[in-house]
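Reading through the structure tokens given below for one structure.
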Amino acid sequence: MLMTIAKFEALPETRMELLEMVRALVEHSRTEAGCLEYGCYQDITGADRLLIVGYWTDRQALEQHYESAYFQELVDRRFTRLVIDALPSVSLYDVVEIDRL
């Protein structure tokens, strides 16, 4: 299982538009093959800062997500004009299951 974490900051004047776009992305992503969970979180101390966390069955499912027409349209074509100039932080992790202590 893989976990993705993407952190980014909206331009203050585009926050509501970005939130709408991200909500649509979350809904769509949750229907994709191999998506186990996908959610967006808004920083409580800075409403312009957002975090997207996704869990995927494997790398192939994640790559299909990134290559989908829906993702390309939203993220590659609309996203950049809604966020500050700094590149979003995107991390990929292998999920290590640990029994509870």
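Identify, please: which residue in the range 84-96 is part of a loop (DSSP other than H, G, I, E, B) and in contact (Cβ under 8 Å) with a residue 60 or more places away in the chain and is, among those, surrounded by the most Cβ atoms within 10 Å (Cβ to Cβ)? Of everything passing the filter in the range 84-96, PRO88 is surrounded by the most Cβ atoms within 10 Å (Cβ to Cβ).
Taken over the range 20-34, the criterion of being over 17 Å from ASP58 (Cβ atoms) and small (Gly, Ala, Ser) is satisfied by ALA24 alone.
Sub-9 Å Cβ pairs linking a first residue in the range 7-32 that is at positive phi to a second residue that is in a helix (DSSP H, G or I), at least 6 apart or interchain, number zero. Here GLY46 passes the criteria (1) over 14 Å from the mean Cα position of the chain (by Cα); (2) within 18 Å of MET16 (Cα to Cα); (3) surrounded by 11 or more Cβ atoms within 10 Å (Cβ to Cβ) except the one numbered (3).
Across the range 62-82, not a single residue is classified as over 19 Å from ARG23 (Cβ atoms) and among the small types (Gly, Ala, Ser).
Answer with yes or no whether ARG59 is of a type in the set (Lys, Arg) and under 12 Å from LEU2 (Cβ atoms). Criteria met by ARG59.
Quick one: in the range 26-67, of everything that is among the aromatic types (Phe, Trp, Tyr) and within 16 Å of PHE8 (Cβ to Cβ), which residue is modelled with the lowest pLDDT? Steps first, please.
Of the range 26-67, the ones among the aromatic types (Phe, Trp, Tyr) are 38, 41, 55-56, 66.
From what's left, within 16 Å of PHE8 (Cβ to Cβ): 38, 41, 66.
Numbers: TYR38: 97, TYR41: 96, TYR66: 93.
Ranking the candidates gives TYR66 first.
The values are calculated or read from the model by the stated rules, or taken from the named source; none is laboratory data. Quantities reported herein were computed from a predicted structural model and do not represent experimental measurements. Because the Cβ atoms are built from the backbone with ideal geometry, glycine has one as well, and the counts that use them run over all protein chains shown.
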